[in-house]
Each structure stands twice: as structure tokens, then as C-alpha cells.
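Take a look at the structure set out below.
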Amino acid sequence: MTTIRATCPSCGDVRLKASDVVVRVCANDNKGSYCFRCPSCGLRVTKSADSRIVDLLASSGVKMDVWHLPAELWEARPTGAPVSYDDLLDFHLMLQDDSWFEQLADRIADVEK
């Protein structure tokens, strides 16, 4: 069985089994990290890992988790002025009326014209 040596910020060097470690790699930018729970103090530790460390851990039998950045990052950003405190207060006051949805729909229709 492979023994992996890592460092806990509280306990210092610790020895782990491959099943105690998870490697995470972002599919979009290939940045990697690994995480483990310290066997001494139970602290959850996460550290960044370059491709060499990722390859070494993966070849040692460590589970690899590939993830993707959220799709919202690639969406077009809304245009227009940022929401102000006055806008928020106006919206709050609008919600006090039972016809708030119609009022909001009318304002949106006016903006789209």
C-alpha cells in the first residue's frame, strides 16, 4: 500500500493512505488541488497542486475528481446601471401593493421599448 506524506498546518507532517486523499482538477484551466482530513487532529486540509503533483498522486491510486467552472461565468453580463439603494427601496415599496407584478411588468416593457 502506498503511503503519502503531507503537511497539516496544525500537526506538521502526517502519513496518509491513497484512500485518504482526493485530487481535484478544474477541466477549464487545469488547475489542481488535493485535500485530506488530518488523521491526528481531524482538520480538513486543502492545498494547491501543480500538474506534476497531480500526476504523482493519481499514479499512486488517489481518487481524481474533475470539475468544471460554473456556466454562469461564460454568460454575457447584464448591461445598464447597477441597482442602487433607491431602486431597492422602490422595489420594496412596490411589493406592498397587490398589483406589484403588473407594475413590474409595465416597467420592464417600458425599458424594452
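The values are calculated or read from the model by the stated rules, or taken from the named source; none is laboratory data. Small disclaimer: the values here were computed from a predicted structure and weren't measured. Here the Cβ positions follow ideal geometry from the backbone for every residue, glycine too, while neighbour counts run over all protein chains shown.
Results, tabulated for the structure shown:
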| item | result |
| --- | --- |
| Only listed residue being farther than 30 Å from Asn28 by Cα, surrounded by 10 or more Cβ atoms within 10 Å (Cβ to Cβ) and not β-branched (Val, Ile, Thr), chosen from Asp90, Asp98, Asp110 | Asp90 |
| Checklist (1) closer than 16 Å to Asn28 by Cα; (2) surrounded by 11 or more Cβ atoms within 10 Å (Cβ to Cβ) applied to His68, failing item | (2) |
| Checking Ser84 against (1) touching a Phe, Trp or Tyr at 6+ places or on another chain (Cβ under 6 Å); (2) outside the structural domain of Ser19 (by TED's automatic domain parsing), the condition it does not meet | (1) |
| Residue match in the stretch 9-17 (condition: modelled with pLDDT under 95 and hydrophobic (A, V, I, L, M, F, W, C)) | yes |
| Among residues of the stretch 23-42, those that are crowded, with 16+ Cβ neighbours inside 10 Å and among the aliphatic types (A, V, I, L, M), counted | 2 |
